[in-house]
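Notes for the one structure printed next.
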Amino acid sequence: MIEVRDLAKHFRVHRRPPGLRASLRSLVRREHVTVRAVEQVSFTIPAGQVVGFLGPNGAGKTTTLKCLTGLLHPTAGDVRVLGHTPHRREPAFLRRISLVMGQRNALFWDLPAADAFEVNRAIYGLAEAPYRSALDELVTLLDLEPLLTKQVRVLSLGERMRCELAGALLHRPDVLFLDEPTLGLDVNGQAAVRTFLRDYNARYGATVLLTSHYMGDVTALARRVLVIDHGTLRFDGDLAALVEAHSPHRLVRVTLREAVPAQTWVGLGEVSEVDGAVVTLAVPRAETAAVAARLLTTLPVEDVAIEDPPVEDIIRAVFAHA
Amino acid sequence: MSGWSRHARVLAICWRAAVAGEVEYRLNFFSNVALSAFWMVWAAAGASVYFRFTGTVAGWTQAEVLVVIGLFFTLNGLRQALLQPNLERMTDYVRLGTLDFLLTKPFDAQLLVSLRQVRVNNLLDPVLGLALTTVGVVLSGRGVSVVALAAFGLLLGCAVLLLYALTVLLMALAVVLVAAEELGRVSYAFVELSRFPVELYRNPVQAVLTVVPVAFLTTYPAAALLGRLDPYLLVIAPAVAVGAVVVATLAWRRSLHSYSGASA
Amino acid sequence: MRDVVTAYPPLVRSATLVAATYRGRVALSLLTGFFPLLLMGVWLTIVAEGGPPKGWTTGDFLSYYAAATLLWNLSGDHVVWQWDADMRSGDLSVRLLRPVHPFHQYATNDLGHRLIFLTVLVPALVLAALLVPGLDYPVGPVRLAAVAAALVLAYAVSLLMASTFALIGFWSTQTSNAWLLWWGLGSFASGWVAPLALMPDWLRSVAVVLPFRTAMGFPVELLMGRLDARETAYGFAVGLGWLAAFAVLYRVIWRHGVRRYQAVAG
């Protein structure tokens with residue numbers, strides 16, 4: 001479905017130091033540097049899978065996405081999507097994919113979304129019946145009925161994103177690329193987009209590759225994640241495995257019946273949080289069970305819970321190591 | 001610190017930032033200067049077609065028309081460099097709420113909003129325009145007296161004020177209409193009408209351009225430089241210019257009033 | 001190909017809709033759309049002062065510039081500004097991801113906008129021809145049909161020329177300036193600066209083989225009845241030749257340009 005082998009993409013950019021004097025000097029002379037945006041990236045995504053693509057800003061996520069959609073011609077390596085070579089941009093390929101960018105608007109600012117949908121219908125050459133049924137379904141799933149006839153510019157960011165998604169899915173793409181689809185949305189907006197994407201994937205078996213800053217998007221949608229940093233792939237696999245590999249600690253949360261002296265915890269684990277009667281300990285992964293058992297037998301414990309640290313923290317740890 | 005020097009310093013800082021931002025695009029800068037020079041040659045060559053058939057049009061020789069064309073580029077350059085970029089941002093100021101932010105600054109809002117942006121690419125245009133005007137004066141073979149030069153300076157200053165007043169007036173409208181891009185075309189059209197001396201058009205067009213008052217932009221300053229200005233215009237032009245600034249300032253305040261009323 | 005043809009009507013329709021939404025912008029564009037009449041104003045003064053130059057009377061100038069105003073508003077050079085804006089904002093990427101070639105997306109968009117202008121300008125021109133004394137077009141059905149064909153050709157050449165130029169955007173940020181330079185030079189050979197009949201002979205003989213006259217002077221002269229059958233056929237031949245040339249040029253440059261865009265688009 002999506003096959004990427006040894007993908008590399010380099011850019012040449014010009015560098016200018018700040019300040020008026022420097023910028024005047026750069027009128028005459030400028031320096032160029034080669035940026036290796038992506039290097040030696042390989043992965044395969046089978047049909048119907050939802051994959052989260054993680055990495056800090058400038059890590060190469062968007063560049064990879066652009067290579068996969070054909071906007072960029074790889075410097076080296078091999079990319080196949082749906083059996084096509086994306087950068088050839090064959091209409092047959094473009095008809096089966098869609099790219100949604102959170103900060104890019106494919107609708108018309110001053111017209112209702114319904115008009116933009118009509119344009120998409122013309123562009124994708126959709127017949128009346130399939131277009132109608134796709135539209136009706138998207139309107140229901142995304143709750144667009146009250147938005148369709150409003151000018152796009154009066155919609156809230158979340159409402160606009162829902163319209164954007166509908167416009168991108170009218171032609172029922174087999175592969176959906178999402179670049180920061182929840183950027184700037186509030187909690188409700190994020191939840192609506194996540195729920196929709198999950199339903200859509202379940203219903204049509206569409207392959208989804210998603211980049212996001214919000215771990216919530218990824219944990220809610222993807223079981224498999226790709227982590228990229230400085231242009232190279234750092235991790236490819238289960239979200240759970242990532243957690244296991246990069247977090248040497250688990251969190252043991254103890255609820256006490258009565259206060260205990262602070263030195264009680266010495267040798268058990270590192271206290272990471274104290275909230276009234278609830279104390280959270282970071283305990284080396286291998287010792288978690290033993291520590292929990294000791295706590296239950298030696299202390300006035302009401303409850304003990306064991307959990308993994310938040311994924312955000314783990315990802316931060318992954319990048320900190322790099 | 002006195003109000004004036006503080007205002008001047010703030011504007012200087014704004015402009016320095018704008019210059020640093022634009023110089024980044026060095027090719028842009030040079031290519032725009034080259035294009036401005038090209039347009040001047042283009043305008044001069046275009047006007048020369050008229051003079052294939054006659055020595056003077058409405059009493060203006062070809063060299064004298066060049067004086068006006070040079071002034072046209074001077075004023076148009078000022079418009080593009082200083083006025084247009086500020087007018088164009090007006091819509092965004094209103095739409096994105098930047099205007100609220102600017103109004104809370106301890107600074108004259110009109111000055112700040114109307115002059116804080118500068119488009120570096122056109123800053124050399126007035127220099128090129130004045131150079132063409134000088135060429136026109138030399139070719140016309142007329143000597144320029146000190147009095148004529150002083151009168152020219154006065155009338156050119158009035159023309160700049162007039163243009164500034166129009167921009168502020170359009171900004172006031174932009175606050176209400178939120179359509180600065182469209183309003184920018186009005187100021188463009190206004191200046192474009194001053195490409196030739198208004199006498200080159202026959203009545204009633206000429207009369208309209210005098211009242212509107214396009215004639216004050218280039219025709220009268222050129223007449224002053226060529227030593228054939230009606231003396232009473234030395235009084236009328238400053239009156240018109242100051243009157244225009246007053247009207248524009250009042251309109252600006254009124255629009256701010258309605259703006260703060262609406263957003264409250 | 002059939003896909004493209006069926007996509008045209010709905011795409012043009014929605015572009016017209018967009019244009020109609022920006023009524024104020026269209027109205028103000030019309031304000032600057034009458035600039036050719038300023039050039040006419042100077043000629044009328046010259047006629048009044050020293051008699052008709054080369055036999056061009058007030059009526060001739062009125063007829064010429066009224067029609068020239070129509071052609072001035074029928075040019076396809078808005079494509080250049082749109083391209084430039086899309087290049088800067090990155091919206092070109094959005095267009096590249098659609099299965100219809102961006103050329104057709106820009107063309108239908110421009111066509112929609114031109115249609116709005118035509119609905120205002122054509123009635124105004126007809127009205128002017130009926131009401132203004134001296135403004136007169138000696139038209140019969142055959143010539144009117146030829147003029148209609150010349151108008152379509154004028155728009156097509158202008159659009160394709162501008163679109164080809166816009167492709168410079170793949171290599172340089174100076175597209176609009178390059179276009180303005182090209183247009184400025186061409187304006188002497190198109191009939192924009194002055195009717196070609198009033199230009200020096202050498203310029204006129206160069207102008208008849210260049211593409212610029214096809215986009216302005218040729219249809220106007222045809223409408224004014226100043227061209228005989230041979231000159232008419234020659235004008236059409238030149239226009240069609242340039243149309244083919246730009247079509248080929250566009251395809252070649254596009255292919256290289258996209259490859260380059262895919263190499264650098266960050």
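Summary table
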item	result
Cα centroid separation, segment B:149-225 to segment A:148-167 (Å)	42
Number of partner chain Cβ atoms within 10 Å, mean per residue of B:202-214	1
Cα centroid of segment C:18-73 to Cα centroid of segment B:44-77, whole Å	19
Highest-fluctuation residue, A:74, A:261, A:173 considered, GNM on chain A with Cα pairs under 10 Å	A:261
Between segment A:92-140 and segment A:202-228, the alpha-carbon center distance in angstrom	22
Residues of type lysines that residue A:61 reaches as a straight line, Cα spacing below 23 Å, ignoring anything fewer than 8 places off in the same chain	A:9
Charge tally in the Cβ shell below 12 Å around residue C:253, where Lys, Arg are +1 and Asp, Glu are -1, residue C:253 excluded	+4
Nearest 10 degrees, 0 to 90: helix C:78-89 Cα axis against chain C principal axis	30
Neighbourhood net charge (10 Å Cβ-Cβ; Lys/Arg +1, Asp/Glu -1) for residue A:70	+2
Mean residue ellipticity (222 nm) of chain B, computed from DSSP H runs ≥ 4 via -39,500 (n - 2.57), nearest 500	-24500 deg cm²/dmol
For segment A:192-265, alpha-carbon Rg and Dmax in angstrom	18.5, 57
Principal semi-axes in Å for chain B [√(5λ), Cα gyration tensor, largest first]	34, 21, 17
Hits among aspartates and glutamates - C-alpha to C-alpha of residue C:54 under 16 Å, sequence gap 8 or more where chains match	C:201, C:221
Cα-based helix-to-principal-axis angle, C:229-264 vs chain C, degrees rounded to 10	20
Convex hull volume of the protein assembly as shown per residue (C-alpha atoms, cubic angstrom)	220
Scattering curve values for segment C:73-169, log₁₀ I(q)/I(0), Debye with Cα scatterers, q = 0.11, 0.14 Å⁻¹	-0.45, -0.65
Local electrostatic count, residue A:134, Cβ distance below 12 Å [Lys/Arg +1, Asp/Glu -1]	+1
Between helix B:146-177 and chain B: long-axis angle, C-alpha atoms, 0 to 90°, nearest 10	40
Cubic angstrom per residue, convex hull over Cα atoms of segment A:2-243	158
Shape metrics for segment A:248-321, restricted to C-alpha atoms - Rg then Dmax, Å	12.7, 40
Relative counts (whole %) of C-alpha pair distances in segment C:127-187, using bins that are 10 Å wide	18, 30, 23, 21, 8, 0
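Computed from the coordinates by the stated procedures, all read-outs in this text should not be read as laboratory data. If you're wondering where the values come from, they're calculated on a predicted model, not measured in any experiment. Because the Cβ atoms are built from the backbone with ideal geometry, glycine has one as well, and the counts that use them run over all protein chains shown.
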